[in-house]
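Everything on this sheet refers to the single structure shown next.
The values are calculated or read from the model by the stated rules, or taken from the named source; none is laboratory data. Here the structure is a predicted model, which means the values were calculated and not measured. Positions of Cβ are backbone-derived with ideal geometry, glycine not excepted, and every protein chain shown enters the neighbour counts. Side chains included, ligands, DNA and RNA excluded: accessible areas come from the protein's heavy atoms. Shrake-Rupley method; radii C 1.70, N 1.55, O 1.52, S 1.80 Å.
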Amino acid sequence: MLRVKAGDLDKMGLLFERYHRPLFAFLYHMTGQAHACEDLVQNVFYRMLKYRHTFNGDGEFRTWMYHLARNILNDSFRQQERWGGPKYDIAELAEKLGGGVAADEQLEKKQELEALQDAMAKLSPEHREVLIMSRYQELKYEEIAKILNTTEGAIKVRVHRALGELKKNYLHIEKGSKAHEL
């Protein structure tokens, strides 16, 4: 990024190749809309070019990139009505679980994934964001703290609380589905 900042704009292609997939995954988990995420990723890279002078090289590039992505996501939320939480592609996740599992076990896994999807959708945006960054994006707490402009300890607390809320939501959904089956 320092080379891009210095005027070597050809290096932006290399950054795109390295980071567009993890950036897309982050945005997809936050919105649940693949088509919209393609546009959001493009906006992130556009802003990287536009605001390249703000990258000072003191911190990690990923931290700066995710900070821009969060700003774009917040702008997008403000411009549109809320999306109502992420919708994960359950069929895709269930497909990944396949490979010799009996049909009833596959159905059970699919139901568990649907319950997890619903539980994630019920999380507050702040809790969903820290879980996506820590669990799906595998960012370190230190990196998340820099992105969210807080302390590493605060992030640990947020993740712990988010996992607790997710567990509570999941168990509530599971309890409701079991009662429905009876």
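Pairs meeting the criteria (first residue in segment 1-26 and under 15 Å from residue 138 (Cα atoms), second residue of a type in the set (S, T, N, Q) and in a loop (DSSP other than H, G, I, E, B), beta carbons under 7 Å, at least 6 apart or on different chains) are 22/137; 25/137; 26/137.
Looking across segment 51-96 at every residue that is at pLDDT 85 or above and of a type in the set (A, V, I, L, M), the one that is farthest from residue 39 (Cα to Cα) is identified as 65. Do we find a residue being among the hydroxyl-bearing types (Ser, Thr, Tyr) and surrounded by fewer than 18 Cβ atoms within 10 Å (Cβ to Cβ) anywhere in segment 125-134? No: zero hits. Reported count of residues in segment 31-52, each being open to solvent by 40 Å² or more (accessible area, probe 1.4 Å), part of a helix (DSSP H, G or I) and touching a residue at least 40 places away in the same chain (Cβ under 8 Å), is 2. Residue 17 falls short of the stated requirement of being out of contact with any Phe, Trp or Tyr (no Cβ under 7 Å at 6 or more places or on another chain) and modelled with pLDDT under 85.
Condition first: within 12 Å of residue 65 (Cβ to Cβ), touching a helix residue (DSSP H, G or I) at 6+ places or on another chain (Cβ under 7 Å) and either open to solvent by 30 Å² or more (accessible area, probe 1.4 Å) or small (Gly, Ala, Ser) (or both). Now tell me which residues in segment 2-23 satisfy that. Of everything in segment 2-23, those that are within 12 Å of residue 65 (Cβ to Cβ), touching a helix residue (DSSP H, G or I) at 6+ places or on another chain (Cβ under 7 Å) and either open to solvent by 30 Å² or more (accessible area, probe 1.4 Å) or small (Gly, Ala, Ser) (or both) turn out to be 16, 19, 20. Applying the criterion of being surrounded by 14 or more Cβ atoms within 10 Å (Cβ to Cβ) and either aliphatic (A, V, I, L, M) or in contact with a Leu (Cβ under 7 Å, 6 or more places away or on another chain) (or both) to the residues of segment 135-161, the residue that is nearest to residue 66 (Cα to Cα) is 147. Of all residues in segment 53-62, those being surrounded by fewer than 17 Cβ atoms within 10 Å (Cβ to Cβ) and touching a residue at least 12 places away in the same chain (Cβ under 8 Å) number 5.
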